[in-house]
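The values are calculated or read from the model by the stated rules, or taken from the named source; none is laboratory data. The structure displayed is predicted, hence computed values, not measured ones. Cβ atoms come from the backbone with ideal geometry, glycine included; neighbour counts cover every protein chain shown. These accessible areas exclude ligands, DNA and RNA; they are computed on the full protein's heavy atoms, side chains included. Shrake-Rupley method; radii C 1.70, N 1.55, O 1.52, S 1.80 Å.
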Amino acid sequence: MIKHRLLRAILFAGFLGASTAPVFAQAEGLGMPGDHITGFVEISIDDADALGLVTFSRTIVAREAPVGTTPDAAAFLESMAGREIHSASWIAPDLAGLGPGAIFVSIDASENPDPRSPAAEVALEFQLGLNDLSLLDRGRSLRFRPATGGRGQEQRARDIMIEMTGVSVRDDGTSLALSGNFSADFIGGGSVSGTFNIEQVSGTREIAAILNRPE
């Protein structure tokens, strides 16, 4: 699930376009025109049959601001044109002097990225170390929202266990390929388990430039 409300609003408004560097071909019947699948997540709730979800990329095309839009909002819309949005991404904020640094990974997956279609969504977050991209014990989060439920039915997990089965830097130097398994208990009861295989976890910086730094 996309974390920022404004970003969700942009996606719902239907900024469409073709990705310039797709990892997978567009999946039949999934997402908006021009979307490209970048990875897969399978989850099982309380040992039920697994749900298949996908991560995706979407390129925003230029769009005129609606009548009555404030100048700041109109400028934001204009600045977004041409940007490629990834639902699986990483950042490495500069925390010098504020505590240990890390690569923060966010994987937002949906049964169908088309916001007009009801779909189950899962958001998985974790951190990788700056020395060797190893999984860190801190900063883990998992949220699940069923297809038939709104925000009020979102379930949050605790005691999140993650096992990485693959971590590599892609040829572009700014993206990661990640795979692994996870399991957790929901705060309100019940459990969740699953796997992820994301071929493109996108970032905006050269990964080599931030590795081998003190954590």
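Just a few scattered comments:
- Of residues in segment 163-209 being in contact with a Leu (Cβ under 6 Å, 6 or more places away or on another chain) and touching a residue at least 40 places away in the same chain (Cβ under 8 Å), the one nearest to residue 85 (Cα to Cα): 201
- Count of segment 192-215 residues which are more than 15 Å from residue 128 (Cβ to Cβ) and open to solvent by less than 40 Å² (accessible area, probe 1.4 Å): 3
- Qualifying residue in segment 169-177 (condition: within 25 Å of residue 119 (Cα to Cα), of a type in the set (Ser, Thr, Tyr) and within 18 Å of the chain's Cα centre (by Cα)): no
- Check on residue 105, touching a residue at least 60 places away in the same chain (Cβ under 8 Å) and either assigned to a strand (DSSP E or B) or open to solvent by less than 20 Å² (accessible area, probe 1.4 Å) (or both): yes
- Strands (runs of 3 or more DSSP E) completely within segment 136-215 that count 2 or more residues being basic (Lys, Arg): 141-145, 155-169
- Residue pairs meeting the criteria (Cβ under 7 Å; at least 6 apart or on separate chains; first in contact (Cβ under 8 Å) with a residue 60 or more places away in the chain, in segment 122-142; second open to solvent by 40 Å² or more (accessible area, probe 1.4 Å) and part of a strand (DSSP E or B)): 133/167
- Residue selected from segment 133-147 under the condition among the small types (Gly, Ala, Ser) and in contact with a strand residue (DSSP E or B) (Cβ under 6 Å, 6 or more places away or on another chain), by the criterion modelled with the lowest pLDDT: 139
- Any hit, segment 119-141, residues being surrounded by 16 or more Cβ atoms within 10 Å (Cβ to Cβ), touching a helix residue (DSSP H, G or I) at 6+ places or on another chain (Cβ under 8 Å) and within 17 Å of residue 42 (Cβ to Cβ): no
- Members of segment 157-168 that are under 20 Å from residue 46 (Cβ atoms) and at pLDDT 95 or above: 157, 160, 161, 162
- Which listed residue, of 140, 158, 170, is within 17 Å of residue 108 (Cβ to Cβ) and not hydrophobic (A, V, I, L, M, F, W, C): 140
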